[in-house]
Amino acid sequence: MSPALSASQIDQFHRDGYLIFRGMVAPDTCAQMLALALRDLQAEVEPLEYEADVGYAGAPGSRDALGGRTVRRLRGAFARDALLRDWALNPLVGARLQLLLEEPVILTLAHHNSVMTKHRDFGTATGWHRDSRYWSFARTELISVWLALGNEHASNGGLKVIPGSHHWKLAPEQLDALDFLRPDVAQNQALFAQGIPVNLDAGDVLFFHSGLFHAAGRNDSGQIKTSVVFAYRAASNPPQPGSNSAAAGEVRLADA
């Protein structure tokens, strides 16, 4: 049997901080996941995060404001449906992660563990940031696995990444209070120019390092953009005791 990843793919991930796997999930499985996501969106099945909760530029000021009940993500994806649980524990996902992390793999339920949505009008843009900014682990070396349930591109708020940015050492003044790259700092402009779009079709999967800078624009299309995202750590990289990262439980993936 051939390995789940080639040596060149492993090298690419460590160099660039991400890998894309085209057509990793079958169209009918994506359609089923999308249907259950739309069901829970329509019924506002908790737990939810609303655009008004995150406080980003352009977001509604409160849940009672116009567009304030626009859902940003369906939280607790692992507990929502067996289909999502099966994907989170997918053996091929686990085998690829084990090759990248070089040890047994743990699914963290504290971070991501979500169906991400972006709506027209009130789906806010997200600046350049690292997922590790609020995560508390021994090392900032987790991997996020992002499954597109539909097409994702610039016009509907698709992701952009800066290849290799997980290796950067930045000065504190380059980041704002939320650890986003500050657009008003001149030296950051050259960094922004290195960003590239990650265009995905339904069933494509993006693996990316928790230290990789990424961003996303607004959704100017007529359709809700929907993705499923889980985060994983190496067995030797535990959450800090007493932190939010340690509060929600974890699941060990079967060894490849």
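No value in this document is a laboratory result; all are computed from the given coordinates. If you're wondering where the values come from, they're calculated on a predicted model, not measured in any experiment. Every residue, glycine as well, gets a Cβ built from its backbone with ideal geometry; the counts of neighbours run over all protein chains shown.
Things to note:
- Descending by average beta-carbon neighbour count within 10 Å, the peptides 150-161, 110-121 line up as 110-121, 150-161, the highest first.
- Projecting the Cα atoms of 196, 168, 212 onto the dipole axis of the stretch 151-218, where Lys and Arg carry +1 and Asp and Glu carry -1 at the beta carbon, places 168 farthest toward the positive end.
- Global form of the stretch 180-256, assessed from the alpha-carbon gyration tensor, a/c cut-off 1.5: oblate
- Relative packing of 36-44, 204-212, which averages over residues the other C-beta atoms within 10 Å, highest first: 204-212, 36-44
- Value of relative contact order over the chain, rounded to a whole percent, pairs C-alpha under 8 Å and six or more apart: 32 percent
- A straight Cα-to-Cα reach below 13 Å connects residue 225 with the aspartates and glutamates 121, 152, 201, residues fewer than 8 places away in its own chain not being considered.
- Using C-alpha pairs under 8 Å with a sequence gap of at least 6, the mean separation divided by the residue count of the stretch 82-216 gives a relative contact order of 37 percent.
- Net charge of Cβ neighbours under 10 Å - reference residue 113; Lys, Arg +1; Asp, Glu -1: +3
- Dipole moment magnitude, nearest 20 debye, the chain about Cα centre, only Lys, Arg, Asp, Glu C-beta charged: 80 debye
- A simple charge model with +1 on the Cβ of Lys and Arg, -1 on the Cβ of Asp and Glu and nothing else charged puts the dipole of the stretch 153-256 at about 40 debye relative to its Cα centre.
- One entry in (1) 33, 26, 18; (2) 37, 26, 14; (3) 26, 23, 19 is semi-axes √(5λ) of the Cα gyration tensor in Å calculated from the shown coordinates; its label is (3).
- Stretchable slack from residue 250 to residue 136, in nm (0.36 nm times residue separation minus alpha-carbon distance): 39.6 nm
- Two-site FRET efficiency, residue 43 against residue 221, from Cβ-Cβ distance with R₀ of 22 Å, rounded to 0.05: 0.40
- Distance between modelled label sites at residue 182 and residue 125, nm, 7 Å Cα→Cβ extension: 1.9 nm
- Taken about its Cα centre, the stretch 203-256 carries a charge dipole of roughly 100 debye when the Cβ of each Lys and Arg holds +1 and the Cβ of each Asp and Glu holds -1.
- Summed side-chain charge close to residue 8 - residues other than residue 8 whose Cβ falls under 12 Å, Lys, Arg +1, Asp, Glu -1: -1
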